[in-house]
1. For the subset of the stretch 186-229 comprising residues that are more than 19 Å from Lys16 (Cα to Cα), modelled with pLDDT of 95 or more and among the small types (Gly, Ala, Ser), which member is farthest from the chain's Cα centre (by Cα)?
2. It is to be established whether one or more residues within the stretch 6-28 are part of a loop (DSSP other than H, G, I, E, B), within 26 Å of Asn112 (Cβ to Cβ) and at pLDDT 95 or above.
3. Restricting to the stretch 289-309, name every residue that is part of a helix (DSSP H, G or I) and in contact (Cβ under 8 Å) with a residue 24 or more places away in the chain.
4. Let me confirm something: among Glu312, Glu344, which residue is assigned to a loop (DSSP other than H, G, I, E, B) and modelled with pLDDT under 95?
5. Which of the residues belonging to the stretch 368-402 are closer than 11 Å to Ile205 by Cβ and in contact with a strand residue (DSSP E or B) (Cβ under 8 Å, 6 or more places away or on another chain)?
6. Only one of these is on the phi < 0 side of the Ramachandran plot and in the same structural domain as Gly24 (by TED's automatic domain parsing): Tyr347, Tyr399. Name it.
7. Just wondering, is there one or more residues in the stretch 60-74 that are under 22 Å from the mean Cα position of the chain (by Cα), in a strand (DSSP E or B) and on the phi < 0 side of the Ramachandran plot?
8. Could you count how many residues in the stretch 237-288 are at pLDDT below 95 and β-branched (Val, Ile, Thr)?
Amino acid sequence: MKIAIILNSFPKISEKFLLNHLIGLVNAGCDIHIFAARKFPQEPYHGIYYDNHMDRYTTWLGIPYKPLPRFLKAPVLFLRLFARNPRAAFEALKFGKYRTVAKNCKLLYFGNAFHGKHFDIVHCHFGPNGLIGTYLKECGYADRVITAFHGSDINSYPKRYGQDVYRILYEKCDLFTANTAYTRGKMVENGCDEQLIRIVPESLIASEYDGVDGSSRIPQSVLTVGRLEEKKGHTYALRAIAKIREFFPDLRYYMVGSGTLDKDLRDQATALGILDICDFVGSCTGEKVKEFYGTCEVFTLPSVTASNGDKEGQGLVIQEAQICGMPVVTTRHNGIPDGLLDGETGYLVEEADVDALADKLKLLLENEQLRRSFGKKGKTFVSSKYDIAVITKTLEVCYNEVLETTAR
């Protein structure tokens, strides 16, 4: 079967789960071609991107970030598409039907990119790209469409663009996947047919972490990996670190990731008197992140619901930490509870509960035997449930299922 994958920026440091997914499909022998709106400008990318020559499978459409240059090119794109496929050209202008992806001219770019091509399945990552896939199916470029929801596309996107923004997607898409049961529930609330949703977690490549044995961990070290954005909960982690500092003279807190709250979080650390023990590492490739997983003692991601309604999706870094033998402390938030064994591989606390977060961090930092026990169980749990080989088989079942049913 021929499969087209629809992405936004690719490859993106913060979306390694997509890279894992694509490599899994390639290794399984699937005939894939990636269509990405643009190439993420920040290099270097993750090493597995280069090792697996993912550029060979990818077409970048070069869609500008800024609206003005995108709109200025729209007339040329329309005329070109009209000459090739008049139906596709006029379909791309149905703003009421395709909503945001028609208004921002993306359909004109994708319509031209798919000219002369046909795929058995278009697999779209994130809800808005599912609208693009629906358009491609309507224009005859694909037989079936699968749309994968990852969290923010259902938690905040409908609030911003209208609760009915996915109406045509829910009517025409052949199958949906959700990364967690929570995401599935939000999709159903928004109008998606529950019978068409399959749970497919974001995956990791377990063998990629074989060399991480944790034999030389830094005493009294805590790690967070995630963009410096509100929903990641760094502000609560800093407050928890401040509460337990007096018990651990060598305490260090490493924050891997960049984002809009960088300055605010540095200011907060200064106000709390802990800037000297906080390392703002910035963005890192997967290879560098593995070093932190292998050298820190405890992982925390105290995710919360952001003020704009945005929420964590699955939090794949929680599984990455566990497969590297790290106990984790995180929150009862969205689909996060599905991704660990509470009291066995880590601890769950309520959102924004700084005291509970501090207590669990303190408990794990004080108890090496407990850390080792949690770490061992975490490796087994993640390997059996989240490895790319397991998830790819699940996806292949979805592909076969959708091809065996009548198109919507």
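The values are calculated or read from the model by the stated rules, or taken from the named source; none is laboratory data. The model shown is predicted, which means the values in this text are computed figures rather than measured ones. Here the Cβ positions follow ideal geometry from the backbone for every residue, glycine too, while neighbour counts run over all protein chains shown.
1. Restricting to residues being more than 19 Å from Lys16 (Cα to Cα), modelled with pLDDT of 95 or more and among the small types (Gly, Ala, Ser), the top hit is Ser221.
2. Among the residues of the stretch 6-28, not one is part of a loop (DSSP other than H, G, I, E, B), within 26 Å of Asn112 (Cβ to Cβ) and at pLDDT 95 or above, which makes the answer no.
3. Those that are part of a helix (DSSP H, G or I) and in contact (Cβ under 8 Å) with a residue 24 or more places away in the chain: Val289, Lys290, Phe292, Tyr293, Gly294, Thr295.
4. Among Glu312, Glu344, only Glu312 is assigned to a loop (DSSP other than H, G, I, E, B) and modelled with pLDDT under 95.
5. Tyr386, Asp387, Ile388
6. Tyr399
7. yes
8. Of the residues in the stretch 237-288, 1 are at pLDDT below 95 and β-branched (Val, Ile, Thr).
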